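Before any comments, here is the structure.
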Amino acid sequence: MSQLTEVAANPYADELAAAKKAVSLAARLCQRVQQGILQSDIQSKADRTPVTVADYGSQVLISLVLKKELPSHSFSMVAEEDSEDLRKDDAQQILEHITSLVNETIANDDSYNMSLSKEDVLAALDGGKSEGGPSGRHWILDPIDGTKGFIRGDQYAVALGLLDEGKVVLGVLGCPNLPSKSTNKHNGSSSGDQVGSLYFATIGCGAKVQALEGSEPQKITICSVNNPVDASFFESLEHSKRDLTSSIAEKLGVQAPPVRMDSQAKYAALAQGDGAIYLRFSGKGYKERVWDHAAGSIIVTAGGMVKDASGNDLDFSKGRYLDRDRGIIATNRYLMPMVLKAVQEAIDEEQ
Ligand SMILES: Nc1ncnc2c1ncn2[C@@H]1O[C@H](COP(=O)(O)O)[C@@H](O)[C@H]1OP(=O)(O)O
Ligand SMILES: [Mg+2]
Ligand SMILES: [Mg+2]
Ligand SMILES: [Mg+2]
């Protein structure tokens with residue numbers, strides 16, 4: 001397809017190009033930090049979850065690239081991180097470190113001739129404070145999804161979505177540690193597969209993958225298994241109600257052991273057919289955030305389905321939190337009715 005035809009066929013082509021560029025650059029910063037991560041690179045947030053210099057650096061780079069690449073667009077972003085902790089007196093050293101990481105990543109890329117001050121970094125972070133909602137366009141960003149996996153040296157994702165009038169219309173997932181074909185050995189390369197991929201989808205245009213360092217995009221397809229006995233399922237490594245997911249799997253007759261993985265890399269792995277089902281049931285009272293699902297879910301819905309436990313589509317139009325009933329289920333259209341039935345039965349038994 002010529003570039004002109006592609007632009008005509010995809011109303012979000014400009015936004016997609018900018019989002020891919022932003023996520024690729026951020027992923028480069030994350031890869032560098034992950035290779036030599038130190039205890040001093042990690043902080044604890046008020047909610048006791050970890051945040052690293054790379055979470056902050058990734059968010060700064062992404063907001064910067066989106067603004068540079070789309071100068072005529074109004075900018076609104078719903079993002080996980082903000083500058084509050086970095087404005088404290090004891091955070092000056094870490095802020096300096098983040099600023100130099102961002103500037104070095106920009107300098108190594110050649111696209112932009114600029115250098116950020118510490119104030120620029122703080123201001124860029126606070127560009128992510130939008131509430132999103134049902135009207136207008138809003139970027140939705142998780143600069144590192146799966147920070148615990150990132151610190152451990154495992155899977156993580158840089159996840160950027162675009163909300164337009166309350167619907168997710170575009171998603172890009174940078175997965176630096178995910179092999180693009182088989183995730184069976186998800187900590188490293190297996191059988192020569194490409195490790196480090198960029199997954200993306202725009203509404204109505206299918207999902208694709210390319211190498212993070214750049215390559216011809218390839219279409220990806222969700223697996224077509226229609227008998228749950230032959231299916232395998234993904235769940236979170238850190239945040240899964242394992243009693244419930246194993247009861248669901250048992251009801252379905254799933255034979256394979258669960259594949260446990262951090263972050264939205266699970267959505268990417270599912271979208272490229274590495275497994276058949278993703279079951280997400282977190283602890284009681286945990287409210288899911290939009291940035292933990294926006295990019296991943298559109299990459300799966302290009303060929304499959306993502307629903308809550310009642311079979312409803314996820315609603316991203318309610319602000320920073322995701323409106324959903326209990327869990328999240330992602331799978332192909334053949335298995336979805338069977339999985340939803342098993343989910344209802346398992347939930348009823350649990351009560
Ligand atoms: N108690 C929790 N239950 C469910 N998810 C959580 C919880 N605490 C943090 N998260 C977020 O869930 C996502 C991780 O998903 P997974 O468990 O599938 O790897 C991350 O977005 C993580 O935040 P973060 O983005 O800060 O890493
Ligand atoms: Mg976090
Ligand atoms: Mg997250
Ligand atoms: Mg995060």
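Where a number appears in this text, it was derived from the coordinates with a stated rule and is not lab data. Source: prediction; values computed, not measured. Cβ sites come from the backbone with ideal geometry, for glycine too, and all protein chains shown count toward neighbours.
State log₁₀ I(q)/I(0) for the chain at q = 0.06, 0.09 Å⁻¹ as given by the Debye formula over alpha-carbon point scatterers of equal weight, solvent excluded. Debye intensities relative to I(0), on a log10 scale: -0.20, -0.45.
Amide H contacts of Leu212: Ser197, Leu198, each under 5 Å away and 5 or more positions distant or on a separate chain (H built 1.01 Å from N in the peptide plane; Pro and chain starts excluded).
Lys284 label point, 7 Å along Cα→Cβ, cut-off 11 Å on backbone N: hits in region 334-351? The answer is 351. Looking at the square roots a ≥ b ≥ c of the eigenvalues of the Cα gyration tensor of region 237-299, which shape do they give, rounded for a/c under 1.5, prolate if a/b is larger than b/c, or oblate? Taking the square roots of the gyration eigenvalues as a ≥ b ≥ c, region 237-299 is oblate. Under 5 Å from the amide H of Gly319 lie the amide H atoms of Gly133, each residue being 5 or more positions distant or on a separate chain, with H modelled from the backbone and absent for Pro and chain starts.
Only alpha carbons enter this Debye calculation for region 21-155, each as an equal point scatterer, and the log10 of I(q)/I(0) it gives at q = 0.13, 0.20 Å⁻¹ is -0.52, -1.25.
Please list, or write none, the lysines whose alpha carbon is within less than 30 Å of the alpha carbon of Lys241, excluding same-chain residues fewer than 8 places away. Candidates past the 8-residue exclusion: Lys45, Lys148, Lys167, Lys181, Lys185, Lys251, Lys266, Lys284, Lys287, Lys307, Lys318, Lys341. Across the chain, the relative contact order, built from alpha-carbon pairs under 8 Å that are at least six residues apart, equals 15 percent.
Which of the trypsin sites (Lys or Arg not before Pro) found in region 265-339 are loop residues per DSSP with 13 or fewer other Cβ atoms within 10 Å of their Cβ? Could the numbers behind the result be given before it?
Numbers: sites: Lys266, Arg280, Lys284, Lys287, Arg289, Lys307, Lys318, Arg320, Arg324, Arg326, Arg333; in loops: Lys284, Lys287, Lys318, Arg320, Arg324, Arg326, Arg333.
Listed in order of number, the matching sites are Lys284, Lys287, Arg333.
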